[in-house]
1. Report every pair of residues separated by at least 6 positions or lying on different chains whose Cβ atoms are under 7 Å apart, first residue within the stretch 404-420 and more than 13 Å from Lys436 (Cβ to Cβ), second of a type in the set (Ser, Thr, Tyr).
2. Of (1) within 19 Å of Asn115 (Cα to Cα); (2) out of contact with any Ser or Thr (no Cβ under 9 Å at 6 or more places or on another chain); (3) open to solvent by less than 10 Å² (accessible area, probe 1.4 Å), Leu379 satisfies all except one. Which?
3. In the stretch 173-203, what residues are among the aliphatic types (A, V, I, L, M), in a helix (DSSP H, G or I) and open to solvent by 10 Å² or more (accessible area, probe 1.4 Å)?
4. How many residues does the stretch 297-326 hold that are part of a helix (DSSP H, G or I) and surrounded by fewer than 14 Cβ atoms within 10 Å (Cβ to Cβ)?
5. Looking at Tyr363 and the list (1) of a type in the set (Phe, Trp, Tyr); (2) at pLDDT 95 or above; (3) under 17 Å from the mean Cα position of the chain (by Cα); (4) under 25 Å from Ser5 (Cβ atoms), which single condition is not satisfied?
6. Among the residues of the stretch 249-284 satisfying the criterion of being open to solvent by 100 Å² or more (accessible area, probe 1.4 Å) and among the charged types (D, E, K, R), which is modelled with the highest pLDDT?
7. Cβ contacts < 7 Å: first residue closer than 18 Å to Leu138 by Cα, restricted to the stretch 33-51; second residue among the charged types (D, E, K, R) and surrounded by fewer than 23 Cβ atoms within 10 Å (Cβ to Cβ), any location; separation 6+ or different chain. Result?
8. Quick one: is Arg12 within 22 Å of the chain's Cα centre (by Cα) and at pLDDT below 95?
Amino acid sequence: MADYSAFGLVRRRAPVAIGAEDAIERLRAGRGLPSSVLPYGNGRSYGDTCLNDAGALIDMRPMNRIVAFDEQSGLLTAQAGLMLSDVIAHVGPKGWFPAVVPGTRFVTLGGAIANDVHGKNHHRRGTFGCHVVSFTLLRSDGKVRRCSADENAELFRATIGGMGLTGLILDATIRLMKVASVDVNECVRGFSGLDEYFDLAEDADARNEYAVAWLDQLASGAKAGRGFLLTANHAEDGAVFRAASPRRLTVPFRPPLNLLNRWSLTLFNRAFAWSKARAEGVRRSSYESYFFPLDAVRHWNRLYGPRGLLQHQSVVPFEAARETIPAMLAAAREAGQASFLTVLKRFGDVASPGMLSFPRPGYTLTLDFSNAGAATDALFARLDRMTVEAGGAVNPYKDARMGPALFEASFPHWRDLEALRDPAFLSDFWRRTAQKLPASEAGGRHAAE
C-alpha cells in the first residue's frame, strides 16, 4: 500500500489518493474531480503542505521519466515525479550535478520546485527555482500552459515555491551545474561558540561552494554554541560518479516510545563531536555522505516514536542573528527539549524567482524535536515570536502548526499567490493559514500567534 504521510509522521490518517494518469485525464476533461486536489511527490515535507485531508492527493511518483538531457548545455527535461536521486544517477557520470540539492535526494523534481528547496550553497546558487528554465502546468480549466520567465511569467513565479497550489506540474526543464566530479573535498573546522562561528561564516561562504554548521544544541554554559563548520567544494580529481550505496540500515517500524530522547542525544552528540574532531582538516567525501547523510538510514524518522517529529526552521536577518540565534538555542534548553539535528547555515542575497520562497539574506536555524504535545507547542510559540521580532520568517514546508498571523508575518505577499492559485487545488496548510486571513487586506500583521 502506498504511503501518503508527511515526513514528520505527526498525523495518522489514510488520505484519498488518485493516480497521476487518472488525475491528468480528469483535469483535461474538467470532470470527476473531488472537492479539491493536491499533487503529492514523495512526502518529504515535514508538515501538512503536502496533505489534503478534505480532498484528494495526486500521486505523481509514477510520472518519473527523463525526457531529454543535453550533455553540452546541461539542460535536463523530466517528468515531475522523477527523484533527484535518479537525476544524479543519470547526469553524474556525464560530469553534471544539480545546482541545488536539499538534505535528502529522495525528493521529486516537482516537489523541489513547489517548495523551492535550498541547499548548502544558497550564497552562490540561490534556490532550486533559480535553475528552473521552464515547466508545463496543467490547471483545472483543462489547459496546459508552458511557463517560464518569459511565458506565463506570473504563473511561473507563483508555482516556484507555490507548494503545489497553482496546478499540476507535468514536466520541467532545469539547468544543471558542470562539476569535475560528484565527490567533494570536505573541510571540518570546530568552533567553541557562536561568536566564533559568525566570525568564520562569511569568509567560509566566499571561499567555498558549500557550507553548513552542526551545533551541539544541548551544550550549555561555556560550551554553549559549540559545533563544527563543514565546508566543501567538488573535487577536481575525484570520482566522476559512483553508484549510490544501497541503504543497509532501516527502521522497520515505529517504536512505542521516542528513542531520540535527551539521554540518547547526549551520547550521539558526543560521538558525533568525537568523530568530527578526528576528521578536522580537509578530506575526500562522497556526495552521499556530505549532502545526504541521513539518507543512509531508511525511515529514520520513525525513531521519534508514536507522536512523530516536529521541525522548526527559521531565518533571521544578518543584523539580528548574533543575538537571536543564541537566544533560540537557550530557549530550547530551558524548555528541556532536545534537538536531534541542529543545523545553522548562511543564506546569501541571490533572489529566487518564486513569490513565496523561504530563503532570504540572513542565517537559518533548523531544530528537530520529538513531538511532546503542549510542551513542544509552547516552545515553538516562543521560537516563532523570537523569529518575527527579529524580522525573520518560518519555513512553511517544514511546519505542522503555525497559525495565520505567523504565516502572514513570514510571507506578507501571500495574496499574490492566492490570486493565481488554481481553485481546484488546496492543501491542509493553506486551509489553516491563508484561508483564515482576510483575502483583501493589504500587508501583514507582523505578529506571531
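1. If the second residue must be of a type in the set (Ser, Thr, Tyr), the pairs left are Leu420/Thr166.
2. Evaluating Leu379 over (1) within 19 Å of Asn115 (Cα to Cα); (2) out of contact with any Ser or Thr (no Cβ under 9 Å at 6 or more places or on another chain); (3) open to solvent by less than 10 Å² (accessible area, probe 1.4 Å) leaves (1) as the failure.
3. Answer for the stretch 173-203, where residues must be among the aliphatic types (A, V, I, L, M), in a helix (DSSP H, G or I) and open to solvent by 10 Å² or more (accessible area, probe 1.4 Å): Leu194, Leu200.
4. Count: 2.
5. (4)
6. Arg284
7. Leu33/Arg26; Tyr40/Asp59
8. Values: within 22 Å of the chain's Cα centre (by Cα): yes; at pLDDT below 95: yes.
Yes.
The values are calculated or read from the model by the stated rules, or taken from the named source; none is laboratory data. Owing to the predicted nature of the structure, the values given are computational and were not obtained by experimental measurement. Here Cβ is always computed from backbone atoms with ideal geometry, including for glycine, and neighbour counts include all displayed protein chains. Just the protein is used for accessible areas: all its heavy atoms, side chains included, with ligands, DNA and RNA removed. Shrake-Rupley method; radii C 1.70, N 1.55, O 1.52, S 1.80 Å.
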